[in-house]
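Working notes, structure below.
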Amino acid sequence: MNYPYQIKNLEAYHKAYQESVEQPEAFWANIAEHFTWKKKWDSVLNWSFSPYKVEWFKGAQLNITENCLDRHLEKNGDRPAIVWEANSPEQAALTLTYRQLHFKVMQFANVLKNNGVKKGDRICIYMGMVPELSIATLACARIGAIHSVIFGGFSAQAIADRLEDAKAEFIITCDGAYRGAKEIPLKDVIDDALIGNHSIKRVIVYTRTHAPLSMIKGRDVWWEDEIKKVESDGNPYFPAETMDAEDILFILYTSGSTGKPKGVVHTTAGYMVWTNYTFVNVFQYEPGQIHFCTADIGWITGHSYILYGPLSAGATSLMFEGIPTYPDASRFWDIVEKHKVNILYTAPTAIRSLMGFGLEPLQNKNLCSLKVLGTVGEPINEEAWHWYDENVGKKNSPIVDTWWQTETGGILISNIANVTPGVPSFATLPMPGVQPCLVDEKGIEIEGNNANGNLCIKFPWPGILRSTYGDHERCEKTYFSIYKNYYFTGDGCLRDAKGNYRITGRVDDVLNVSGHRIGTAEVENAINCHTGVIESAVVGYPHDIKGQGIYAYVIFSGIHENEEHTRKDISLTVSKIIGAIAKPDKIQFVSALPKTRSGKIMRRILRKIAEGDTSTLGDTTTLLDPTVVEILIEGRL
Ligand code: WT7
């Protein structure tokens, strides 16, 4: 494949950017010409932010898997689509060529059909990072079912909530997953999530760990048995379902400032064009290169830059089952050397954690295949940026700092490798099609450079979320009402003298823990479920490796056994309700929380105390009882 829309130099970037702003429809229509359509669009873009409605390529028909698989077969069918590296370095790696992946996706689409799946049905996928996760996800897209992948770290309760919200009827899972030295009992968690559930018709279980399982007659079936049945049918072919451009491709749940996670909705054509365009441009992918995105497919990064972006570009995508520190802290570098990885895309938290092991794990590792490095998920501190640049890129590979969100589908602000300059800790410039702006508290745009404000986007790009599943009003309220006529990102941001953007972090009650979004309200709700808890307040604090840690202030009605024990009980409660990723790092027992006379918790003060910055607490006179603050400071952990 060649990419005629790949931006090759700075001048071309400025030209593309200008065109995308001045003539967005012509600009995107030109790019869309390079995809496979069953029918072309009637209109390129229909939009309004108030009320919120966006449609890209309306009237067009396509199937994203024809773009990710079928169209590569003739010329590149034998090129590796997915290279899979197992959790254990002892297990042989596996390669699926485009032809093999195409075959397996169609085969599993037949399995789905035999099990009663139809276009538009919601399927929850809860699997480890095995190749079958990619196959299952693409098979849903092939048949036109809406996938909702749930990260393997979420608890039974979190899954149950998502199943209900998505009105899902099917689940694809594994017996278990290997993650470092741990074995995660995925099917067991699903069983717990399904207690009392009468909506799930079928659970398809892929064998990975051979853990003993309960398999319920009439509901649970083995992946391998189902494959055998379609094999004996003899016809592996499965025609790609015809989808409208705006048919839902997937739902992905993400946290916000209210208690309940939202099902972010992405549709077919716009998402496809956006992930492909950003993949090809930001990383400057060249045919034949090996792209290694270390994210899990359970997050948006994996959806967009392990699956849909790379595969629609005919790229080779490396999928890794394990973790960076297993069996030791040189695992990433071993993988880079073994597979001659050209593009490494990872999270600042992983870089910081590896930094902690020193340079020894990098010694004698041949990293010269690396051409482009990337980061995503949270602001990268300068120290980590330089470590990555010097020790991994050997000062020879650009680092793309890619800012985006679950809601944006793909990268919105980033430097472009070898095309636009990188600046440590800056995401730098918007992609063509992206019109960022900074607004003040009142929603007034702050013009000019050297500005600081809330980051908004003025105009739709093809990958923008279309709704929040089952509750469009919530989508409008969350993203399009706070600042009228803008998409509000929830991030604070500054723009320097040259117009480069630097993301400073969330300005709402959302934490970013190891690059994962966690709502403080969600954690508080979980903590409050513990029998002894009367009230709680959760804030973030700077954490050396995770970026942000979770600090909980808890009013407790009588300590059970001892404080340490109670802390563990509370953490376990959070694990059960959300998942281990949301466990508080610190729990401070308090007798009261700083509240205003109207009963509002003053989080600003709680944040300052958790950060250990008590010199500038600001005005505390509006507090109902200002003495509370002194007690909190004394008890700080
Ligand atoms: C939030 C989105 C984008 C996929 C992974 C996270 C933060 C993301 C950066 C970056 C600074 C970043 C923002 C954003 N974020 N990338 N390069 N620099 N901050 O997706 O879970 O939807 O979280 O992650 O705060 O709003 P997500």
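The values are calculated or read from the model by the stated rules, or taken from the named source; none is laboratory data. Quick caveat: nothing in here was measured; it's all calculated off a predicted structure. Reconstructed Cβ throughout: ideal geometry from the backbone, glycine too, with neighbour counts over all protein chains shown. We work out accessible area using only protein heavy atoms, side chains counted, and drop any ligands, DNA or RNA first. Shrake-Rupley method; radii C 1.70, N 1.55, O 1.52, S 1.80 Å.
Points to keep in mind about this one:
- In summary, the aspartates and glutamates within cross-link reach of LYS228, defined as a Cα separation below 20 angstrom excluding same-chain residues under 8 places away, comprise GLU132, ASP175, ASP220.
- Lysines whose Cα lies under 17 Å from that of LYS338, excluding same-chain neighbours fewer than 8 positions away: LYS365, LYS371
- Overall dimensions of the range 98-241 as given by Cα atoms, namely Rg and Dmax in Å: 14.3, 42
- Given LYS75/LYS395; LYS187/LYS583; LYS262/LYS583, the pairs whose alpha carbons are separated by over 32 Å: LYS75/LYS395
- The range 351-370 versus the range 51-71: alpha-carbon centroid distance in Å: 41 Å
- Efficiency of FRET from Cβ geometry, SER43 and LEU572, R₀ 56 Å, rounded to 0.05: 0.60
- Label point distance in nm, THR621-ARG604, each placed 7 Å from Cα along Cα→Cβ: 1.4 nm
- Only alpha carbons enter this Debye calculation for the chain, each as an equal point scatterer, and the log10 of I(q)/I(0) it gives at q = 0.08, 0.11 Å⁻¹ is -0.57, -1.14.
- Among beta bridges that DSSP assigns inside the range 512-634, antiparallel share in %, nearest 5: 75 percent
- Alpha-carbon centroid distance for the pair the range 213-262 / the range 465-537, whole angstrom: 29 Å
- In the range 512-634, the convex hull through the Cα atoms has an average projected area of 7.6 nm², a quarter of its surface area.
- Förster radius 41 Å - calculated FRET efficiency between LYS118 and MET1 (Cβ-Cβ, nearest 0.05): 0.80
- Among beta bridges that DSSP assigns inside the chain, antiparallel share in %, nearest 5: 60 percent
- Note on the chain: dipole from Cβ charges, positive end direction compared against GLY153, ALA417, PHE170; the farthest Cα belongs to PHE170.
- Dimensions of the range 436-506 along the principal axes, based on C-alpha atoms and rounded to the nearest Å, stand at 43, 25, 20, largest first.
- R0 of 35 Å, Cβ-Cβ distance GLU563-GLU441: FRET efficiency to nearest 0.05: 0.30
- The length gained on full extension between LYS8 and ALA93, counted as 0.36 nm times the residue separation minus their Cα-Cα distance, comes to 27.2 nm.
- Among 507-515, 110-118, 13-21, 192-200, sorting by the average number of other beta carbon atoms lying within 10 angstrom of each residue, highest first, gives 507-515, 110-118, 13-21, 192-200.
- 222 nm mean residue ellipticity, helices alone, for the chain (DSSP H n ≥ 4; -39,500 (n - 2.57); rounded to 500): -8000 deg cm²/dmol
- Within the chain: Cβ-based charge dipole about Cα centre, in debye rounded to nearest 20 (Lys, Arg +1; Asp, Glu -1): 760 debye
- Looking at the chain, the accessible area is 39 square angstrom per residue; that uses a 1.4 Å probe and ignores ligands, DNA and RNA.
- ³J(HN,Hα), Karplus 6.51/-1.76/1.60, whole Hz, each residue of the range 347-353, x for Gly, Pro: 10, x, 4, 5, 5, 5, 5
- On the chain, 50 percent of the accessible area sits on carbon and sulfur atoms, based on a 1.4 Å probe.
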